Structure formats: structure tokens, C-alpha cells
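Below: the structure, in C-alpha cells.
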Amino acid sequence: MKVRAWHALLAALPVAAGGVLGAGTLRAAAYGERDGVNGSDIVADDAADAACVILERETLTFYIDDLPASADAAKESTSRVSAEYTLYNPTAEDLSLRLYLPVGSSPAYLDGVSSARYTVTAEGESLRLTARHTYQERNYFGAAFDLDGERPRDERRQDTFFGEEVSVTIYTYTVSVPAGGGDTRTFIFRYDANPRRTQIFSAENGALGVSNGSGELYMNVASGKTQQVVVYAVGDVPDGVSADVYSMAGAEARPVQGAEVALSREESTTFGALVDGMYAALPQTTRGVLSSVDFYNAAVAMLEGGEQAGLTSRADATAVLENLMLWYEYELTLPAGARVTHTVTAPLYPDLPEEGGERWTYHYLLSPGQQWKKFGGIEIRVVTSYHIENGSLEFTADEGGFVYVKEGLPLGELVLTVTPSQTAPTDPDTYGDQPPTLVTALIILGVTVGIAAVVLAIVVLARRRANKRARAEEEKCRGGTTEGKVDIEPFPELGGENDEKDENGKKDENDGRSD
């Protein structure tokens, strides 16, 4: 059997990608890597209600007290952002808004943020905050995150292939691999199925491919051990199921002599029962802050993402917890014809500079302001003794720091690059700390000579989209308030006995945690 690209793909699969939104622990990542939402304006749950409200004024104040040189220093940083919103209800009726504060993912370089606290104040009433969670794949490829479209849901998703009553066939194999020939070999599960009616997933990291007209699931297995391998078939039961262990030497895979693969158990369940079982197995401390509905919807989003990428997602609880995004949900009442000043304060965590660099970059999403009926104006202050080298907005030096004022909502998001002085040395990354518009201009200048290639790519993409639309058409033919303040921990601990161990047998404190 020939296996070409899959050998390289398997070697590139992470043991455990991404990070856990937990009190404290995240998997290590490059300092320059951004993870999720680093800072954001509030988001309304009901777009219709938000469209009735006027945000008369927003005042953002960034207090950049220090520039942390390490992850430990960042954890103890007192830098913070305060967002004050003046909301006006012009209607003749009281409006009860359900709002979300997108906390997002803790920066990947942190191993704990337990000392950081969030405060929420409103004129009139103490606010009750509830932790909510959604699934968010770690943003390795720069894909935009749609805050409005990714809000938590109150009900289990129904608009998906992964319905609660969809059948699941679970194949459990006992695999014995002789020692020698490298630390790992490749377990290959072969099957025949209509991909629109059957989706295949593994209990651990793997990859899907097609070879010789059949679907194949590839997973690494350890040499010199006997272990269990679990495969899930969601939907119709696949045909032609078989499994074996192969070497991955060169361009061809050959069966490993002496390896034994036995189907020890085959059972049926439903997708809803499968996910409920995963949730029930979580520690009580985890289930205390992570609702079953949020967990279910996160599992669905994870598996849908795996299908779209052509890679499998691990169909287990740890895989869900690794990619959770934290939101704080609360209610705010706006009396008819009244104004309410609402303030949220959150810690600031920058992108740390590369080794030898002296540039700290902060990101904050302003685009949620588009949801309101009218946006009166914004004032952004940066209170700091440091220097703003680059920014996506044009700041002016002011007493105590810098200021930006605009009537209306600025286009784009806020990016601040801060340096200790105006003479900071150049970082190794030429473009990484530039404002987005400048990056775009530099890239355009650098690729002018490649316009012909770009045009060709656009034509190809347009044809692909046209073909996709045609296939879709074909398928269709077939068938309010007193003063109050609440302090909350940003990333409550989600820990338990199901923590994984790394390759050296050391307990990985990241697993089994979320926000």
C-alpha cells in the first residue's frame, strides 16, 4: 500500500495542540503567538435589542504599568484596561439586555493567571456573572474570529450533522506491536462509507486520508507495547472495515511482522449519549463551571472543524477542554429613556517580544461596537511612561501618555506596539509589530511583480466556488439598576484526575482544565 503525504502529516501532528482556558495552566507556545481574543468590547446576545440602544460614548483607558520580560513577569503585571460605556435607551420600554464579556483564551505563554481579576460595575445594581464557554480552535493560521457569530447558545445545536440521536459505532481494538523499528508504528483503520452520511474520528490524534478507493484513519501506536485503540464512526455503519499496523519507511507502508490487531469490542450508541458520557466523566470541579450544554456544543464545533480541515479531532473530553473560550454572561437593564454608565475592567496581556526584541504588542477588538443602533464617539487613552511606536490608530502624545478621540466607531481593531523608548532596537520580526494597514501596504509593495499569479489564483478560486455552488444546487434538487461591583477570577480552575502525562511521564497540569 502506498502512503505518500500522510507520513509527513503524521509526524507533524501535535501530541496535544492548543491550550486550556484554566486557572492557570496552558501549553507552551511561541511568545509571538496570539491566542483567541486578547481583549474586546462587550457583545449583546440579542442583536434586535442591541439595535435599539445608542452607545453614546465609550472611554477606553489602557494602564500600561510595565513591560514584562518573561511569562512569570506577565502573570504578575498590573497593566489593565478599563472600558466605560454610556448606554442610552431611546425607546418607551425598559430593555433587559443579556451581555457577554469575551474573556477569550489566556495567552499561551502564561502558566497561571490566578492573581488577575475582572471587575464589572453598573449604576444601580450588583451584577450576577455566569461563566460560559464556546469552542475556539487555536488560531494558528490567522483566521478571523467572529465574536457575534460565536456567542454561547442556550440550547444544544440542532443545525448540524452531529444530532443527538445520530448513531455512533465504537470500535475498540487491542493492538500489540513488537519492539524495534522505531518508537512508533502506524495503525491504519480502513473503511468504505459515504462521507456525507458517515464521519470517522479517533480517540487520540490521527489523520484521515483516501487510498485505493477507501477511507483510511492513521494513528501512531507505540512499539513494544499492547494498547487499546478506539475509533468512532458517527452516522451510518461503514462497510469493509479492517485494521492493521504498518511501518512508515519511505514512500510505501508495509505490514509490521509480528503485530497483532484484534477487534475486542464493537458497540452502538447515540452521539448525544456519547458526549453526555464524556461530560459525566469530568471532575465535579470542572462540571461546576462548565455547563453540559456548552460542553455539548463545543464538542459539536470541534468535530465539525475536524471534518472541514480533513483532519480528525480526538473525540474525548480533553480535546474539548483544550480549546475552550471563556465568556462572562450577565444581565443589564436599561430603563425607558434612561442612560446607564457601565464599566468593565480587565487585565492586559501583551504579545511578548521575540528573544532580544523590545516591542510589546496589545490587541483589542473594537468591532463589537457595530452592533449598537448608533455609536456616538470614542476616546482611547494610554496611560504609560513608555512609547507607542506603532498603532492601528493615530495617537497623540498627551499628559500622562497618549490619546485618540473620534466621533463614531473606528474601522478595524486596535493594535498597540509599545517600546521602552523611542530608540528601541529593531526586532527580528520585520513586519510582526506593524499596524495592520502598514503590513498590508508593505506586502502589496513586495508582491507587485506577482500580480499575474494572483490573478490566476483568483480565477481558480472563483471556478472552485462556482463548482461548489453548482454541487450545492444539485444536492438541493435531491432531496434597570443601583451601584454594584463584582470581582471574578478570569480563568477558574478546571482540574481533575483525568490529567494527561507528557512523553516523559510527567503530569501535564494543563489537561482537565478550562475556564
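Being assigned to a loop (DSSP other than H, G, I, E, B) and within 27 Å of GLU322 (Cβ to Cβ) is a property that GLU204 has.
Once segment 317-373 is narrowed to residues that are more than 23 Å from the chain's Cα centre (by Cα) and of a type in the set (A, V, I, L, M, F, W, C), the residue that is surrounded by the fewest Cβ atoms within 10 Å (Cβ to Cβ) is ALA336.
Restricting the first member to segment 216-227 and to residues that are in the same structural domain as TYR173 (by TED's automatic domain parsing), and the second to residues that are exposed (fewer than 13 other Cβ atoms within 10 Å of the Cβ), the beta-carbon pairs closer than 6 Å and six or more apart or on different chains are SER223/ALA179; SER223/ASP183; GLY224/ALA179.
Among the conditions (1) at pLDDT 90 or above; (2) outside the structural domain of ALA233 (by TED's automatic domain parsing), the only one that THR269 does not satisfy is (2).
Quick one: in segment 366-405, of everything that is hydroxyl-bearing (Ser, Thr, Tyr) and not in a helix (DSSP H, G or I), which residue is farthest from TYR63 (Cα to Cα)? Here the residue is SER392.
The values are calculated or read from the model by the stated rules, or taken from the named source; none is laboratory data. Here the structure is a predicted model, which means the values were calculated and not measured. Backbone-built Cβ (ideal geometry, glycine too); neighbour counts: all protein chains shown.
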